[in-house]
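The structure appears right after this line, and notes come after that.
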Amino acid sequence: MISKKITLLSGDGIGPEVSVEAEKLLKLIEKEFNYKFEIIKKDFGGCAIDKHGVPLPEDTLETCKKSDAVLLAAIGGPKYDNLPREKRPESGLLGLRAGLQAFANLRPAVVFDSLVDSSTIKKEVLAGTDIMVIRELTGGVYFGKPRGIEVRNGERVGFNNMIYSESEVVRIAKVAFEIARKRNKKVTSIDKANVLDVSQLWRDVVVEVSKSYSDVTLEHLYIDNAAMQLIKNPKQFDVILAENLFGDILSDEASMLTGSIGMLPSASLGDGTYPAIYEPVHGSAPDIAGKNLANPMAMMLSVAMMFKYSFNDEKVYDAINIAVKNVLDKGLRTKDIYQDGKMLLGTKEMGEALCKEFSVCKV
Ligand code: NAD
């Protein structure tokens with residue numbers, strides 16, 4: 001029996017709905033794969049602001065730190081949009097990532113064959129796309145100082161600082177090369193080295209790290225060209241390595257290749273000192289919250305990543321991915337990925353269909 005402690009942060013909007021489905025899957029995994037989970041639920045995001053006045057209560061962060069993995073659904077909502085920035089749910093997210101030193105954000109963008117028609121990109125361009133975007137998560141312009149808005153010469157100026165140290169680039173580049181080694185052995189590093197000094201350092205350090213990975217091909221693309229290439233010929237990419245801001249934009253662009261944000265999981269890893277965070281890429285989707293419309297697959301696939309990257313269990317990872325593929329092949333769809341002639345399901349029904357398929361197809 002393998003025991004694991006998982007902190008579950010259901011959050012806001014559709015977060016609690018997709019969390020319920022993830023919990024059902026975890027129950028099945030306990031039964032079928034001989035695990036025992038202690039699932040600890042904590043307030044985070046808007047619900048934490050409502051109860052405790054802050055998006056990331058100390059107790060939540062401490063509990064996360066003591067667990068084997070953190071499973072986060074989604075946070076935020078219009079109710080909190082007018083709060084000062086530091087009191088908004090999103091600052092809780094930055095605090096959680098920083099608190100757990102989760103510097104490497106992994107976002108796979110895989111096009112499932114049966115969803116190839118759901119994307120706005122031509123089928124022949126898209127079919128077979130399988131990209132891993134690796135985004136640096138705790139540095140760059142989102143955290144750089146000085147930052148602020150102040151009055152200079154009688155007008156307001158706003159400023160942020162894109163800053164990276166050599167060691168920050170080394171550790172994220174190593175993650176990218178290690179992952180590429182287990183995939184198709186190609187890393188495309190993104191920068192704007194023709195304009196930005198910080199990008200020149202990024203490029204120089206990535207080249208230095210690449211010398212220890214002679215089996216992996218390294219190429220460099222400027223962020224503007226990368227944004228075009230991702231649409232023009234996504235199959236050219238295997239692992240995309242990017243700093244925080246460029247990675248934020250490119251990973252959302254990559255996600256749209258797959259048809260729906262409701263299909264996309266992510267993992268945020270550190271150096272092992274603290275547990276990793278697993279979460280769907282989507283937000284709290286207030287427009288569909290409470291309506292049984294949310295696609296739970298991104299959350300289920302985030303559970304799959306938790307098994308691969310935190311519990312080193314490829315069997316459970318494969319079984320969840322096969323279950324998702326089979327459910328799609330059978331024509332079951334939530335509204336976000338619905339096409340004519342397919343069977344429309346709600347969040348709960350899709351969660352149950354996935355669990356049923358998981359039980360049948362476990363390998
Ligand atoms: P969103 O991802 O919540 O929604 C964008 C669109 O995608 C909406 O039309 C929504 O209905 C749809 N969508 C999202 N997830 C879906 C799912 N699982 N199934 C079906 N459709 C889905 O992004 P947004 O509208 O820009 O943000 C809403 C709130 O979420 C904001 O408060 C934002 O700050 C927050 N947010 C949180 C996270 C996070 O928790 N990590 C990430 C992004 C946004």
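The values are calculated or read from the model by the stated rules, or taken from the named source; none is laboratory data. Remember, predicted model here, so these are calculated numbers, not experimental data. A quick note on method: Cβ atoms are made from the backbone with ideal geometry, for glycine too, and the neighbour counts reach across all protein chains shown.
Some values worked out for this structure:
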{"read-out": "So LYS174, is it assigned by TED's automatic domain parsing to the domain that holds ILE131, in a loop (DSSP other than H, G, I, E, B) and modelled with pLDDT of 95 or more", "value": "no"}
{"read-out": "Residue under evaluation ARG135, criteria (1) over 17 Å from the mean Cα position of the chain (by Cα); (2) more than 12 Å from THR258 (Cα to Cα), criterion not met", "value": "(1)"}
{"read-out": "Which listed residue, of ILE240, ILE288, is in contact (Cβ under 8 Å) with a residue 12 or more places away in the chain and closer than 28 Å to VAL125 by Cβ", "value": "ILE240"}
{"read-out": "Number of positions in region 162-178 that are buried (at least 19 other Cβ atoms within 10 Å of the Cβ) and over 14 Å from PHE103 (Cβ atoms)", "value": "2"}
{"read-out": "Those residues of region 333-363 which are away from the ligand (no atom under 16 Å from the Cβ), of a type in the set (Val, Ile, Thr) and in a helix (DSSP H, G or I), in sequence order", "value": "VAL360"}
{"read-out": "Conditions (1) out of contact with any Phe, Trp or Tyr (no Cβ under 9 Å at 6 or more places or on another chain); (2) surrounded by 19 or more Cβ atoms within 10 Å (Cβ to Cβ): number failed by MET300", "value": "(1)"}
{"read-out": "Which numbered condition GLN229 fails, given (1) surrounded by 21 or more Cβ atoms within 10 Å (Cβ to Cβ); (2) touching a strand residue (DSSP E or B) at 6+ places or on another chain (Cβ under 9 Å); (3) of a type in the set (S, T, N, Q)", "value": "(1)"}
{"read-out": "Residue satisfying condition, being charged (D, E, K, R), in contact with a Gly (Cβ under 9 Å, 6 or more places away or on another chain) and in a helix (DSSP H, G or I), within set GLU208, GLU168, GLU253", "value": "GLU168"}
{"read-out": "Matching entry among LEU328, LEU257 (being buried (at least 17 other Cβ atoms within 10 Å of the Cβ) and outside the structural domain of THR7 (by TED's automatic domain parsing))", "value": "LEU257"}
{"read-out": "Failed condition for ASN295, given (1) within 11 Å of the ligand (Cβ to nearest atom); (2) in a loop (DSSP other than H, G, I, E, B); (3) under 19 Å from GLY45 (Cβ atoms)", "value": "(3)"}
{"read-out": "Filter result (closer than 21 Å to ASP117 by Cα, of a type in the set (Lys, Arg) and assigned to a helix (DSSP H, G or I)) within region 298-332", "value": "LYS325"}
{"read-out": "Single condition ARG333 does not satisfy, out of (1) in contact (Cβ under 8 Å) with a residue 24 or more places away in the chain; (2) buried (at least 19 other Cβ atoms within 10 Å of the Cβ)", "value": "(1)"}
{"read-out": "Selection count, region 120-161, where residues are surrounded by fewer than 10 Cβ atoms within 10 Å (Cβ to Cβ), modelled with pLDDT under 95 and out of contact with any helix residue (DSSP H, G or I) (no Cβ under 8 Å at 6 or more places or on another chain)", "value": "2"}
{"read-out": "Within region 263-292, considering residues that are on the phi > 0 side of the Ramachandran plot and out of contact with any Ser or Thr (no Cβ under 6 Å at 6 or more places or on another chain), the one nearest to the ligand (Cβ to nearest atom)", "value": "ALA285"}
{"read-out": "Of residues in region 194-226 being of a type in the set (Ser, Thr, Tyr) and surrounded by 14 or more Cβ atoms within 10 Å (Cβ to Cβ), the one farthest from VAL111 (Cα to Cα)", "value": "SER199"}
